[in-house]
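Participant: Dumping the structure here so I can ask a few things about it.
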Amino acid sequence: MTSTGAVKVEIRGLHKSFGKNEVLRGIDCDIHTGEVVCVIGPSGSGKSTFLRCINCLEEPSAGTVRVDGNLMDENAKNIDELREDVGMVFQHFNLFPHLSVMENLTIAPTLRKKMSEDEAKQVGMELLGRVGLADKADAKPNSLSGGQKQRVAIARALAMKPGLMLFDEPTSALDPEMVGEVLDVMRSLAKEGMTMVIVTHEMGFARQVSDRVLFIDQGVIAEEGTPAEVFDHPQNERTKSFLAKVLEA
Amino acid sequence: MDFFELLKESLPMLTQGLVLTLQLAFISLAFAMVIGIVASLMGMSKNPVLRAINRVFVAIIRGTPLLVQGFFIYFGITGLLGIRISAFAAGTIALSLNAGGYLSEIFRGGIQAVDPGQREAARSLGLSARQTTWRIIIPQAIRICIPSVVNQWCITIKDTSIISVIGLAELTKMGQTIIARTYRSFEVWIMVGIMYFIVIWLLTLLARFVEKKVSLDD
């Protein structure tokens, strides 16, 4: 797949500081419809902050993020509507523990899209089937394994039929034997043409599914390109030393 | 007079006292829950004036003894304003404000103890701030709060005995009255203690049942 789709996300001059700590120091980037972008880089480099600025969980200190041309601004009247189209999957799942698995999937469609309970459940069952957890519809999140939780979290985000999915280190909190089941679901999403931005430490996965890899270091995009370019022929010294560290492990 | 004769003779008065204790406790706790909710919302408000009012209120409640609060309301305020209120009304006001102050801190703590990731997940799905608060945060905060709230209820039920000094014939006062007549301190205080104990014990059973019902596990 190449990045020939329309521009889905347009990021211009993005800066983000937490107090005196400047985490993002000027990021410009376009993400196209249907594109799968993996974001790699050392911890503390600003990868997650970059991702969280896309759906405005973090408000930029300067610069703009537009999704489908709409400015993502916490104080905008339509920010809730804009977020409906941007699904997010978190490192620690963040399932709603007081709701059943099915209720986790139906709460947003029924509250936001005014979908009927039955219709939302039908969509929910389809999605649970897709992530291989149809039998867990009535379970409480706390009874699931990490891998199962993350698959439910992906299904929950998909229930809103988003045009863009953000993944914030979705396998980092998982036991090693559960990483595969989550990556499989993400792989199939990518295959279907979902626009995805994935912050990950799974280099093999990034190489396999990405159309483009961004290497973020010290708050800027230090290098970007196809997986072959970034992984096999890194130009930047910092990319080289980062890859040398993570790939030898 | 053996123990059972004493019990038989004391029971009507003690029961009468217990009824007043329960009335005082339940009415006060009902008001206290409302005061606690309102005060905790003020404490978490964006408005600095509301936050300051909450902080001063909680500081006064925590910083002074219940007994002083009761005397202040029953004698102090009424004297200053030249009005008279019943001991029951004064006791209810004192206990409501006192428990309300502690409950407001419990509620605030419960809400702030909900994982911030819950709010982020809800907002990322498009839920509004209000929907997130009521559908995601509050239900979890309530579960977190239950043990501390029940604890406060137990404390307030027993604190009614402190309020008896302003002249309320509740359970403890009734015990004193009986002892003054019979000189049977040992047995009467055991009876009074058991009556408080049973009330608290029943409440604890109920709380445990509710906690199990709303548990986050299967």
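Participant: Using helices alone, what [θ] at 222 nm do you get for chain B, with -39,500 (n - 2.57) per DSSP H run of 4 or more residues, divided over all residues and rounded to the nearest 500?
Facilitator: On the way: 9 runs with 170 residues, N = 218.
Taking each H run of at least 4 residues, the total per residue is -26500 deg cm²/dmol.
Participant: Here is a follow-up. Mean residue ellipticity at 222 nm from the helices of chain A, using -39,500 (n - 2.57) per DSSP H segment of n ≥ 4 over the full residue count, to the nearest 500 deg cm²/dmol?
Facilitator: Working: 8 runs with 88 residues, N = 249.
Rounded to the nearest 500, the figure is -10500 deg cm²/dmol.
Participant: Using the C-alpha atoms of the protein assembly as shown, what convex hull volume per residue, in cubic angstrom, is computed? Please report the intermediate quantities before stating the final value.
Facilitator: Values: hull volume 94.4 nm³, N = 467.
Taking only Cα atoms, the protein assembly as shown has a hull volume of 202 Å³ per residue.
Participant: On the principal axes of its Cα set, how long, how wide and how thick is the range A:82-239? Give whole Å, largest value first.
Facilitator: The principal-axis extents, from largest down, are 54, 34, 27 Å.
Participant: Across the Cα atoms of the range B:118-198, what radius of gyration and what greatest pairwise Cα-Cα distance (Dmax) are found, in Å?
Facilitator: Cα only, the range B:118-198: 22.7, 70 Å (Rg, Dmax).
Participant: Enumerate the calculated ³J(HN,Hα) couplings along the range B:190-198 in order (Karplus 6.51 cos²θ - 1.76 cosθ + 1.60, θ = phi - 60°), each rounded to whole Hz, writing x wherever the residue is Gly or Pro.
Facilitator: Each residue of the range B:190-198 in turn: 5, 4, 4, x, 4, 5, 4, 4, 5 Hz.
Participant: Now for a different question. How big is the gap, in Å, between the Cα center of the range A:212-231 and the Cα center of the range B:145-218?
Facilitator: Comparing the Cα centres of the range A:212-231 and the range B:145-218, I get a distance of 67 Å.
Participant: Please list, ordered by chain and number, the residues whose modelled amide H lies under 5 Å from the amide H of residue A:88; skip anything fewer than 5 residues away on the same chain.
Facilitator: Excluding prolines and chain starts, which carry no amide H, the hits are A:166.
Participant: With a ≥ b ≥ c taken as the square roots of the eigenvalues of the C-alpha gyration tensor of the range B:149-193, please select rounded if a/c is under 1.5 and otherwise prolate if a/b is larger than b/c or oblate if it is not? Mind showing how you got there, number by number?
Facilitator: Numbers: a/c = 4.40, a/b = 1.77, b/c = 2.48.
It is oblate, given that a/c is not under 1.5 and a/b is not larger than b/c.
Participant: Amide H neighbours of residue B:169 under 5 Å, counting only residues 5+ apart in sequence or on other chains, H built in-plane at 1.01 Å?
Facilitator: Under 5 Å from the amide H of residue B:169: no residue qualifies.
Participant: In whole Å, what is the distance between the alpha-carbon centres of the range A:157-191 and the range A:59-82?
Facilitator: That distance is 24 Å.
Participant: Run the numbers on chain B and let me know its relative contact order in percent, using alpha-carbon pairs under 8 Å that are six or more apart.
Facilitator: On the way: 216 pairs, mean separation 63.0, N = 218.
RCO, chain B: 29 percent.
Participant: Residue B:213: which lysines have alpha carbons under 28 Å from its alpha carbon, excluding same-chain residues fewer than 8 sequence positions away?
Facilitator: Here the lysines satisfying the reach criterion relative to residue B:213 are A:121, A:136, A:140, A:149, B:158.
Participant: Measure out, as a whole number of angstrom, how far apart the alpha-carbon centroids of the range B:80-128 and the range A:105-135 sit.
Facilitator: 36 Å
Participant: What list of ³J(HN,Hα) values in whole Hz, one per residue of the range A:99-105 in order, does the Karplus curve 6.51 cos²θ - 1.76 cosθ + 1.60 (θ = phi - 60°) give from phi, with Gly and Pro shown as x?
Facilitator: Here the 3J(HN,Hα) series is 10, 5, 3, 4, 5, 4, 7 Hz.
Participant: Sticking with this structure for a sec: For residue A:212, what residues show an amide H to amide H distance below 5 Å, using hydrogens built from the backbone and excluding near sequence neighbours?
Facilitator: Amide H neighbours of residue A:212: A:36, A:38.
Participant: Further question on the same structure: FRET efficiency for residue A:122 and residue B:197, Cβ-Cβ distance as r, R0 = 45 Å, nearest 0.05? Don't skip to the end; give the middle numbers.
Facilitator: Values: r = 54 Å, r/R0 = 1.19.
Plugging the Cβ-Cβ distance into 1/(1 + (r/R0)^6) gives 0.25.
Participant: Evaluate the distance, in nm, between pseudo-label points positioned 7 Å from the Cα of residue B:177 and of residue A:43 along their respective Cα→Cβ axes.
Facilitator: Simple spin-label model gives 6.8 nm for this pair.
Participant: Find the percent of Cα-Cα distances in chain B that exceed 33 Å, and round it to a whole number.
Facilitator: Working: 7020 of 23653 pairs.
Roughly 30 percent, rounded to a whole number.
Participant: Using each residue's phi in the range A:60-70, evaluate 6.51 cos²θ - 1.76 cosθ + 1.60 at θ = phi - 60° and report the 3J(HN,Hα) Karplus result to the nearest Hz, with x for Gly and Pro.
Facilitator: x, 6, 7, x, 9, 10, 10, 10, 6, x, 8
FYI, it's all coordinate maths here, none of it is from the lab. Fair warning: this is a prediction, and the values are worked out from it, not measured in the lab. Note: ideal-geometry Cβ built from the backbone for every residue, glycine included; neighbour counts use all protein chains shown.
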